[in-house]
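Below is one structure, written out as structure tokens; the observations come after it.
The values are calculated or read from the model by the stated rules, or taken from the named source; none is laboratory data. Bear in mind that the values here come from a model prediction, so they are computed numbers and not experimental data. Cβ placement follows ideal geometry from the backbone for every residue including glycine, while neighbour counts extend to all protein chains displayed.
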Amino acid sequence: MISPSLPGFSALKLPFYSHQTPSIMLTSLCVLVLSLVLYLPLWTLVYFPHTPLPPRLLKFIRYHSRPLFYLTGAISFLGFIFTLSIGIGYKLWFLSFMIDFETFYKFGVYRTGSSELVWNATIGRGFDAVWAATVCAAMTVVGINISLHNGLDERVEWPKDLKEPNTFGGY
């Protein structure tokens, strides 16, 4: 018995532990943190081109900025897909348990001769955090596309004060 107001057999419809959910949540978190770590040096060099970074890292970022932007966007998209799939899957999984649990509970309460339902099964607010993470991951992908469209990769490669004038007198 979980509670005196809950018939014992209705507890059979409570959800059991999901083995894949923690690993998917942890993977999506790690992927999103990795995309942030990849994006920070790019962003830093766009807005602060003289930031003291190690020379090898600086040279690598300057010569490979476009592929690094693409890689960051792809990793963010992967995190978005993981977070979206686990958010939808987990919520649907709990909704199916909630409907079955309420049915078992009502049947058990009426079978015991009572007509008072004390419990009301609901899905908690924890899914709001999953949806917020999903939106942030999606906005990261959109933000990186906007960055590439506006030429931020070129600002990483050649900051304004490092450009050399061409033969026509311009830059």
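Suppose we keep only residues that are in contact with a Phe, Trp or Tyr (Cβ under 7 Å, 6 or more places away or on another chain) and either more than 30 Å from Tyr63 (Cα to Cα) or at pLDDT below 75 (or both) within the range 118-154. Which one would you say is surrounded by the most Cβ atoms within 10 Å (Cβ to Cβ)? Residue satisfying both the conditions and the ranking: Thr134.
Let me confirm something: among Leu38, Leu26, Leu68, which residue is in a helix (DSSP H, G or I), modelled with pLDDT of 85 or more and farther than 24 Å from Ser147 by Cα? Steps first, please.
Working: Leu38 fails: farther than 24 Å from Ser147 by Cα; Leu68 fails: farther than 24 Å from Ser147 by Cα.
The conditions single out Leu26.
Looking only at the range 51-65, decide whether some residue is in a helix (DSSP H, G or I), modelled with pLDDT under 80 and in contact with a helix residue (DSSP H, G or I) (Cβ under 8 Å, 6 or more places away or on another chain). No, because not a single residue in the range 51-65 is in a helix (DSSP H, G or I), modelled with pLDDT under 80 and in contact with a helix residue (DSSP H, G or I) (Cβ under 8 Å, 6 or more places away or on another chain).
The residues of the range 107-163 that are of a type in the set (Phe, Trp, Tyr) and more than 30 Å from Thr44 (Cα to Cα), listed by number, are Phe107, Tyr110, Trp119, Phe127.
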